[in-house]
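Working notes, beginning with the structure itself.
The values are calculated or read from the model by the stated rules, or taken from the named source; none is laboratory data. Everything numeric here is computed off the predicted structure, so don't read it as measured data. Cβ atoms come from the backbone with ideal geometry, glycine included; neighbour counts cover every protein chain shown.
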């Protein structure tokens with residue numbers, strides 16, 4: 001049964017959907033020439049210029065170039081409170097979030113604080129029982145452990161009521177978070193968040209795990225000043241960077257220079273075989289080589305296995321995996337996480353199939369959004385479903401599942417042109433009775449509505465989407481870095497590209513070009529193996545998850561990759577989009 005599934009913007013793969021537009025990224029030719037003059041290959045200089053790099057120094061990845069913790073509002077004050085708590089033997093309790101950023105932030109907090117001699121444990125809310133953040137219910141649960149201080153990671157900036165409850169119970173709260181604050185800040189003893197009012201930390205894109213890492217940097221400096229490391233080396237916090245890299249990539253925050261340094265240094269540790277036992281086990285269970293780990297493995301291999309615990313059961317399983325120093329224990333926990341991820345994929349596939357089946361009868365050109373609901377859908381997977389449908393149909397999507405008999409919980413994903421949290425805020429202001437609660441940011445948000453208000457919410461959100469989105473916004477744009485010269489189709493170029501950290505806000509380069517299709521065959525039942533020709537040269541190529549036959553001439557968007565098969569190494573094009581010429 002699929003009650004109230006569709007709104008006027010129901011979407012399916014019909015001809016009414018606009019063909020994606022291929023566009024070349026703009027860049028300054030002068031900047032590209034300047035970068036090339038500093039020794040960067042011309043193609044890479046063009047790529048970097050298109051991503052806002054002005055001088056070669058912005059590509060440096062050494063830890064010495066990290067922004068100083070002194071610029072983070074509250075970091076020094078929190079370090080003082082933590083140092084005093086450690087000296088007094090007080091009990092600290094970390095309250096985590098239930099996604100990969102929250103899990104890694106929790107592991108970094110617990111590992112780091114224990115390095116400094118703290119008594120520290122953790123709890124993580126079950127998303128289905130307690131919801132998100134430091135709620136009063138979570139505080140009362142935490143109080144059973146009799147902590148002297150609560151330290152939030154990746155949450156807390158909006159927990160006004162939860163902090164008030166902790167204060168009432170005599171538990172001091174230290175908030176570390178990176179989300180945008182609401183109209184009022186919680187009355188915590190101290191807040192560290194680069195996005196709080198009055199914080200001039202230049203990087204506003206730190207993940208929750210990055211914020212906690214900065215607090216530990218400040219704490220180490222404070223303890224050093226107090227003489228805590230007299231006669232011995234201070235703990236090396238770089239051992240935590242594999243976790244920082246994982247959480248940063250998995251949370252899909254913008255990879256500005258500061259985040260690129262954190263990720264690059266973390267990947268270096270992983271590739272050198274110095275990852276913690278949990279990260280190593282998660283890579284191994286996925287049959288990935290640590291020595292070849294990249295942001296792809298962090299974001300699409302390790303991250304989803306970690307997230308599966310929070311989506312289907314309890315993220316404490318994932319956190320315990322990241323905290324384990326025993327390879328055998330970590331392998332056992334990684335196996336359980338892998339099994340949960342397989343179950344998550346099956347649930348997601350069933351949900352997507354039911355959504356697409358229902359959407360077949362609707363014309364996508366009729367609206368600007370998609371709000372969907374199925375009483376059989378799983379709360380923990382609706383965010384992934386919304387993301388898949390958003391990518392497929394290029395519309396903002398909110399997918400709802402049943403929270404209880406009276407309430408629906410939704411998870412939304414948006415497209416450029418519509419700030420999702422602001423859109424929900426507009427709905428809430430215009431229709432105060434429709435939304436019970438909401439939160440999030442530009443591209444992702446959560447929202448709760450009463451079941452009886454679903455239809456009214458759907459109509460109100462569609463009205464806002466139509467108001468904020470132009471026809472151009474509803475046309476998917478595939479950005480590329482232009483065409484390649486014949487000599488740039490090379491293994492050396494692939495290896496040069498692989499040296500950089502790519503991700504959100506610093507996208508991996510893709511290119512475009514026209515090709516003759518010389519041969520094509522289906523492999524693995526759902527992929528298309530190709531032989532393409534251009535520049536009087538033949539190229540091996542593959543189009544994943546699309547086995548449709550191609551015409552003789554195509555215009556393709558592709559990435560350069562290395563294909564290793566039976567001991568042979570060759571260049572391969574990964575086809576991301578193609579259209580007939």
Residue in the range 131-144 that is surrounded by 24 or more Cβ atoms within 10 Å (Cβ to Cβ), at pLDDT 95 or above and under 22 Å from the mean Cα position of the chain (by Cα) present: no
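Does the range 433-450 contain any residue that is within 30 Å of residue 515 (Cα to Cα) and either modelled with pLDDT under 95 or in contact with a strand residue (DSSP E or B) (Cβ under 8 Å, 6 or more places away or on another chain) (or both)?
no
Which members of the range 420-437 meet the condition of being surrounded by fewer than 19 Cβ atoms within 10 Å (Cβ to Cβ) and more than 27 Å from the chain's Cα centre (by Cα)?
Listed by number, the residues that qualify are 429, 430, 431, 432, 433.
Please work out if residue 417 is under 24 Å from residue 442 (Cβ atoms) and crowded, with 20+ Cβ neighbours inside 10 Å. Full working, then the answer.
Working: under 24 Å from residue 442 (Cβ atoms): yes; crowded, with 20+ Cβ neighbours inside 10 Å: no.
It is false that residue 417 is under 24 Å from residue 442 (Cβ atoms) and crowded, with 20+ Cβ neighbours inside 10 Å.
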Matching residues, the range 24-63, being in contact with a helix residue (DSSP H, G or I) (Cβ under 7 Å, 6 or more places away or on another chain), under 25 Å from residue 266 (Cβ atoms) and free of Cβ contacts under 8 Å to residues at least 24 places away in the same chain: 40, 48, 53, 56
Residue within the range 289-299 that is assigned to a helix (DSSP H, G or I), in the same structural domain as residue 108 (by TED's automatic domain parsing) and in contact with a strand residue (DSSP E or B) (Cβ under 6 Å, 6 or more places away or on another chain) present: yes
Which listed residue is in a helix (DSSP H, G or I), touching a helix residue (DSSP H, G or I) at 6+ places or on another chain (Cβ under 6 Å) and either modelled with pLDDT of 95 or more or crowded, with 24+ Cβ neighbours inside 10 Å (or both), from 265, 284: 265
Residues that are at pLDDT below 90 and within 22 Å of residue 445 (Cβ to Cβ), drawn from the range 365-377: 367
Given (1) in contact with a helix residue (DSSP H, G or I) (Cβ under 8 Å, 6 or more places away or on another chain); (2) not in a helix (DSSP H, G or I), number of the condition residue 351 does not satisfy: (2)
Matching strands (runs of 3 or more DSSP E) fully within the range 406-474 where at least 2 residues are farther than 27 Å from residue 156 by Cα: none
Residues being over 18 Å from the mean Cα position of the chain (by Cα) and touching a residue at least 24 places away in the same chain (Cβ under 8 Å) - total across the range 269-287: 12
Any hit, the range 438-447, residues being over 24 Å from residue 508 (Cα atoms), surrounded by 18 or more Cβ atoms within 10 Å (Cβ to Cβ) and over 21 Å from the mean Cα position of the chain (by Cα): no
Unique match (being modelled with pLDDT of 95 or more, over 30 Å from the mean Cα position of the chain (by Cα), within 30 Å of residue 255 (Cβ to Cβ) and surrounded by fewer than 19 Cβ atoms within 10 Å (Cβ to Cβ)) among 514, 552, 576, 540: 540
Of all residues in the range 378-399 being touching a helix residue (DSSP H, G or I) at 6+ places or on another chain (Cβ under 9 Å), surrounded by fewer than 22 Cβ atoms within 10 Å (Cβ to Cβ) and farther than 20 Å from residue 424 by Cβ, the one that is modelled with the highest pLDDT: 378
Test: residue in the range 105-120 that is assigned to a loop (DSSP other than H, G, I, E, B), more than 27 Å from residue 241 (Cβ to Cβ), in the same structural domain as residue 170 (by TED's automatic domain parsing) and touching a residue at least 12 places away in the same chain (Cβ under 8 Å): no
Strands (runs of 3 or more DSSP E) wholly inside the range 506-581 that include at least 2 residues being under 19 Å from residue 25 (Cβ atoms): 511-523, 553-565, 568-580
Residue within the range 49-65 that is under 26 Å from the mean Cα position of the chain (by Cα), surrounded by 16 or more Cβ atoms within 10 Å (Cβ to Cβ) and assigned by TED's automatic domain parsing to the domain that holds residue 128 present: no
Test: residue in the range 311-326 that is under 24 Å from residue 263 (Cβ atoms) and modelled with pLDDT under 90: yes
